[in-house]
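Some notes on the structure that comes next.
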Amino acid sequence: MAQNEFDVVILGAGTGGYYAAFRAKQLGLNVAVVERDKVGGVCLHRGCIPTKAFLKSASVLDTVNRASEFGVDIKGDAVFNYDTALKRSLAVVNKQYTGLQFLFDKKNKVPVFQGDGKLISKNQVEVTLNDSGEKVVLTGKYIIINTGSRPRAIDGVPYDGKVVINSDHAVVLEKLPKRIIVRGGGATGVEWASVYQRYGSEVTLVGNVVPNEDGDIRKELTKQFKRQKINVLEGVRPKPENWKVTDKGVTLTVDVKGKETVVEADVLLVATGRQPNIENIGLETLGIKTDKGAIVVDDMMRTNVDGIYAIGDVNGIQMLAHTAGHHGIIAVEHIAGHNPFPLDHLNVPTCTYCHPEIGSVGLSEEDAKELGYEVMIGKFPMMPNGKAVIEGEAEGLTKIVVDADTHDILGVHIIGPHATELIAEAGLARFLNASAEELTMTVHPHPTVSEVIGQAAMDVFGQAIDM
């Protein structure tokens, strides 16, 4: 059995894993990565990147269909080609993957052991190599677990990859469904609902829309989805017996407000959340503590076993790629003897790329009140914003939740054009403990959609100018 010794061995080459690996190299550490699939993980290959490529195609189609509003007359009907959209998505992924391979192989020279890894001691990972089946033991002074997560399934309705699918299947689905049921209204569910609606599919969304968002954001997106002719079945929690699946399609029979409702579709896309990958990696052997299916860590990403860290989705704190990357940096800097700043996850923006987009950071109004805060609220609609009107995307709003005593910003919530870009400013404001007054004194350039943040801050004090 071959032996290899490193300062750090990282189990999993998703976003958290490669951030950790490259930062380790910058700090002069000898590092190796174990990956059963391709470097880049779910985000690059089956999540963030291909999904947003599909959403871009949907956005272009929407723009073309509305071209006459902007003085551009197109002779004949615009024809959407799903095959080309799929190929473009795969090409985008491959381009990013090629760049990441360069960073591994050429720039940072991080060895990647392709195979299944398992902890066999606090300093050893056994890897069963994909190509040969040979077992290789990697020894590390420190081990970082970054095994990610996978889509949850519906009890009694197993995936087949054709009729019953999850987000992994959706990014490679060969045929555009004419009718689709999306089960789950979280970020994944509403993004795919937006994709398929604009591609021309008949979409039914089963479940509450973005349930973790602020109430005003939930209300606005639900309203917009209904305007877009997405059939939203709110408050419906189907049981296994409510589903009938055949090789031809799926039928859902449920009670909606006291009335039996039957929905038929070609495809059921399950988007009911994700679960950490903690099985078969040796946690039990070492006594690594878990809670509710995730590895327990402290603010430096340390597990209860000395020298072993867990980052990203597998620790269940906040299942976002950008969070995983920052977890990786914290873990490696701590290993290197630095004193990294702990991550306050309330300062991490969450982005949902549906139509209209959503960007949020910090506490919702409901959560702030539940925690005992007296709050002040500022709101500003997109409609008076010149740039939003110019772009033909004037639906939505910005909402700021403020501590009534200190005027500190507790939360910022945006739904509308470019919300996923605008929210970074609010994340910085939260990190710097900015007050609402300081946001009002920040001059936002005109005409830009960013002005809605300043106007919402002004509205906290009843001073908004443009409404």
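The values are calculated or read from the model by the stated rules, or taken from the named source; none is laboratory data. The structure displayed is predicted, hence computed values, not measured ones. Reconstructed Cβ throughout: ideal geometry from the backbone, glycine too, with neighbour counts over all protein chains shown.
Listed here are the residues, each with its yes/no results for (1) crowded, with 20+ Cβ neighbours inside 10 Å; (2) in contact with a helix residue (DSSP H, G or I) (Cβ under 9 Å, 6 or more places away or on another chain); (3) among the basic types (K, R).
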site: E213; (1), (2), (3): yes, yes, no
site: K223; (1), (2), (3): no, no, yes
site: Q228; (1), (2), (3): no, yes, no
site: V245; (1), (2), (3): no, no, no
site: V256; (1), (2), (3): no, no, no
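Scan the stretch 239-254 for residues that are part of a strand (DSSP E or B) and in contact (Cβ under 8 Å) with a residue 12 or more places away in the chain and the total you get is 8. Check K118, K175, K122 and return the single one that is within 30 Å of T251 (Cα to Cα) and touching a residue at least 24 places away in the same chain (Cβ under 8 Å). Criteria check complete, one pass: K175.
Go through the residues of the stretch 136-145 one by one and say whether even a single one is farther than 16 Å from A21 by Cα and surrounded by 14 or more Cβ atoms within 10 Å (Cβ to Cβ). Checked against the condition, which is being farther than 16 Å from A21 by Cα and surrounded by 14 or more Cβ atoms within 10 Å (Cβ to Cβ), the stretch 136-145 yields at least one hit.
Looking only at the stretch 96-110, decide whether some residue is closer than 17 Å to E5 by Cα and crowded, with 17+ Cβ neighbours inside 10 Å. Taking every residue of the stretch 96-110 in turn, at least one turns out to be closer than 17 Å to E5 by Cα and crowded, with 17+ Cβ neighbours inside 10 Å.
A quick yes/no check of all residues on (1) hydroxyl-bearing (S, T, Y); (2) in contact (Cβ under 8 Å) with a residue 60 or more places away in the chain; (3) buried (at least 24 other Cβ atoms within 10 Å of the Cβ); (4) over 30 Å from L86 (Cβ atoms):
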{"position": "E5", "(1), (2), (3), (4)": "no, yes, no, yes"}
{"position": "G14", "(1), (2), (3), (4)": "no, yes, yes, no"}
{"position": "L27", "(1), (2), (3), (4)": "no, yes, no, yes"}
{"position": "V31", "(1), (2), (3), (4)": "no, yes, yes, yes"}
{"position": "R46", "(1), (2), (3), (4)": "no, yes, no, no"}
{"position": "T51", "(1), (2), (3), (4)": "yes, yes, no, no"}
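Quick one: which residue in V236, V209 is assigned to a loop (DSSP other than H, G, I, E, B), surrounded by fewer than 22 Cβ atoms within 10 Å (Cβ to Cβ) and without any contact (Cβ under 8 Å) to a residue 40 or more places away in the chain?
V236
If you filter the stretch 186-227 down to residues that are acidic (D, E) and within 15 Å of the chain's Cα centre (by Cα), you find that the one that is nearest to A78 (Cα to Cα) is E191.
Output the residue which, of all residues in the stretch 302-315 that are in a loop (DSSP other than H, G, I, E, B) and either touching a residue at least 60 places away in the same chain (Cβ under 8 Å) or not assigned by TED's automatic domain parsing to the domain that holds A20 (or both), is nearest to V412 (Cα to Cα).
Taking the candidates together, the pick is I311.
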